[in-house]
Amino acid sequence: MSEARSGTSAPTVLRMILGRRLRDRRLGAGASLEDAARALRVKSLTIRRLEKAEVALKPLYVEKLLETYGAERREIDEFVELAEQANKPGWWHSYRDAVPDWFTAYVSLESGAKTLRTYEPQYVTGLLQTPDYARAVLRGGLPNGDEEELARRVELRLRRQVLLDRADAPTWWVVMEEAVLHRAVGGPDMMREQVERLLEVSELPHVSIDIVPFSAGAHSGACAPFTYFRFEEPELPDIVYSELLSAGVYLDQREDVVSHLEAHTRMALMTSSEDSTALLNRMRKEYS
């Protein structure tokens, strides 16, 4: 999962979990990729892709593989049932006409994570945007897009925000640059509403919002926007997503994940919750 995804079906978190479990079951049985491939009469690359959740887990494949690994019938039935669930499209699947494939993977990870850390240097991050701000930002990125496409993208962005109100909402730590607050998207009224939204969400017990002030100057953490995901399931590695102009990159190598976590921590230490709240209040007055 260390490369940008494009043109592939986005994996659900459940599919990722099952892929890891299949790999562990194969290794536990002492079977190689080639052994598994022979059992299904496919190439070893197909087995690798199944285990990495890069393709859908066909229940018949899952059943045959587990039989090859010596699993008991009860375990096989449980795996097959989970594979069928994993292949069901998530709620975001209905928005595939409005977003690229590589971003639907992000929504799946976001929906399944226990902990999120986000860094955003340019705009208010999507989960915190008001409807008007979201529309203005998305319109800026779609200068030639039609109104229907724009409306679908706004709808998806707002629907994602339900995540913050869930009973099992993840812990979320957001770091944004002060420049985000000075980028006057849509004019003073829109920006005041957006700042008020940030102040409102910052009071939630599971959300922290830190604003790196201009006074911090140049710092080593400044980079492209990224989000870090940690999951409750032990089978899943920590993952970092970073967005480029026309693609998303998903990183799960420990060195990459740690470097992003360290950058996030360094930036958060440049301010405090109290200072960030004070800055937001000052900006609200400026836009009044």
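Here is how the numbers come out for the structure above:
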item	result
Residue match in region 228-244 (condition: charged (D, E, K, R), in contact with an Asp or Glu (Cβ under 6 Å, 6 or more places away or on another chain) and modelled with pLDDT of 90 or more)	yes
Close pairs from region 204-220: first modelled with pLDDT of 90 or more, partner open to solvent by 50 Å² or more (accessible area, probe 1.4 Å), Cβ under 6 Å, at least 6 apart	206/171; 208/173; 212/270
Pairs with Cβ under 7 Å, 6+ apart, first in region 225-252 and crowded, with 21+ Cβ neighbours inside 10 Å, second in a strand (DSSP E or B) and of a type in the set (S, T, N, Q)	227/118; 241/227
Pair list, Cβ < 7 Å and 6+ apart or interchain, from region 30-51 residues that are open to solvent by 20 Å² or more (accessible area, probe 1.4 Å) to residues that are among the β-branched types (Val, Ile, Thr) and outside any helix (DSSP H, G or I)	49/55
Extreme residue, farthest from residue 72 (Cα to Cα), among residues of region 17-29 that are open to solvent by 40 Å² or more (accessible area, probe 1.4 Å) and part of a helix (DSSP H, G or I)	20
When residues of region 139-180 are limited to those that are farther than 21 Å from residue 284 by Cβ and small (Gly, Ala, Ser), the one surrounded by the most Cβ atoms within 10 Å (Cβ to Cβ)	169
Failed condition for residue 183, given (1) open to solvent by less than 30 Å² (accessible area, probe 1.4 Å); (2) at negative phi	(1)
Count of residues meeting criterion [assigned to a helix (DSSP H, G or I), under 12 Å from the mean Cα position of the chain (by Cα), surrounded by fewer than 19 Cβ atoms within 10 Å (Cβ to Cβ) and modelled with pLDDT of 95 or more] in region 106-138	0
Filtered residues of region 214-224 (kept if surrounded by fewer than 17 Cβ atoms within 10 Å (Cβ to Cβ) and either closer than 15 Å to residue 259 by Cα or touching a Leu at 6+ places or on another chain (Cβ under 8 Å) (or both))	219, 220, 222, 223, 224
Search result, residues across region 81-94 that are surrounded by 16 or more Cβ atoms within 10 Å (Cβ to Cβ) and at pLDDT 85 or above	82, 83
Filter pass, residue 180 being assigned to a helix (DSSP H, G or I), touching a residue at least 24 places away in the same chain (Cβ under 8 Å) and not small (Gly, Ala, Ser)	yes
Residue that is farthest from residue 171 (Cα to Cα), among those in region 227-279 that are in a strand (DSSP E or B) and hydrophobic (A, V, I, L, M, F, W, C)	249
Odd one out for residue 57 among (1) open to solvent by less than 50 Å² (accessible area, probe 1.4 Å); (2) in a helix (DSSP H, G or I); (3) of a type outside the set (Ser, Thr, Tyr)	(2)
Region 266-284, residues that are open to solvent by less than 50 Å² (accessible area, probe 1.4 Å) and modelled with pLDDT under 95	267, 268, 271, 272
Where residue 70 falls short, out of the listed (1) within 23 Å of residue 22 (Cβ to Cβ); (2) touching a residue at least 12 places away in the same chain (Cβ under 8 Å); (3) in a helix (DSSP H, G or I)	(3)
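The values are calculated or read from the model by the stated rules, or taken from the named source; none is laboratory data. This one's a predicted model, so the numbers in the text were calculated from it and none came from an experiment. Every residue, glycine as well, gets a Cβ built from its backbone with ideal geometry; the counts of neighbours run over all protein chains shown. When the accessible area is computed, the model is the full protein with side chains, heavy atoms only, and any ligands, DNA or RNA have been set aside. Shrake-Rupley method; radii C 1.70, N 1.55, O 1.52, S 1.80 Å.
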